[in-house]
Structure formats: C-alpha cells, structure tokens
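Undergrad: Structure incoming, see below.
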Amino acid sequence: MNSSCLENESGNDRQAERAIIEEMLAAADVAVNGSRPFDIQVKNPQFYRRVLSQGSLGLGESYMDGWWECERLDAFFQRVMRAGLERRLPRRWRARCT
C-alpha cells in the first residue's frame, strides 16, 4: 500500500471510508466494535483504507498485523462470504491508493 496515501488522507476521507465499511458489514449483519462474537473490533483507523484499497487481501493482512480482532472468525467470515461483500467493494476506492 502506498504509505503517502495514508498520510495524506483527510478527516472527511477517513469518515467516508469508515462509513462505507460499516455499511458493507451491516449488510452481513456484522458491526464494527459491536458486542457479538462475530463483530469486529477495529484497533487501527487505517484498517478502513486498507480494506477499501486491497479488498480481501487487505482484510487478511490487517488482521495479521493486529489492526482488528474478532472472537469468532469463522462466524464473521461465514457472514461476509454469504453476503458477497468482496464483489460489492467500490472499485473507485481501490484505485485511489495503488
């Protein structure tokens, strides 16, 4: 990922990126910082940009880097896959930081 892209993001960009991810996850009945075992707990605010720019690879790598946690990864991924979220990722965000 282009690190200068992360450094130059505005507060509005961060809010928009978070809103997009939260809306997508809501379609899979997953919440950000929710209380259910399949909800994710975001630890790094750069998580949103990384997932938008890198898709499932960014989701997996950000998990490995400790940027988010989930008590029940199996239930999380079952919901995400059933909802087809990878296909619903906005392409314009992917192109911004490549």
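Undergrad: I need the phi-derived Karplus couplings for the range 12-28: 6.51 cos²θ - 1.76 cosθ + 1.60, θ = phi - 60°, integer Hz, Gly and Pro marked x.
TA: For the range 12-28, the Karplus curve yields 5, 4, 4, 5, 5, 5, 4, 4, 5, 5, 4, 5, 5, 5, 4, 5, 9 Hz.
Undergrad: Do any GluC sites (Glu not before Pro) in the range 9-98 lie in a loop, going by DSSP, with at most 16 other beta-carbon atoms within 10 Å of their beta carbon, and if so which?
TA: 71
Undergrad: Could I ask something else about it? Pop a pseudo-label 7 angstrom from the Cα along the beta-carbon direction at both residue 88 and residue 56 and give the gap in nm to one decimal.
TA: In this crude spin-label approximation the distance works out to 1.6 nm.
FYI, it's all coordinate maths here, none of it is from the lab. Note that the coordinates shown come from a computational prediction; the quantities given were computed from them, not determined experimentally. Neighbour counts are summed over all protein chains in view; Cβ atoms, including those assigned to glycine, are modelled from backbone coordinates with ideal geometry.
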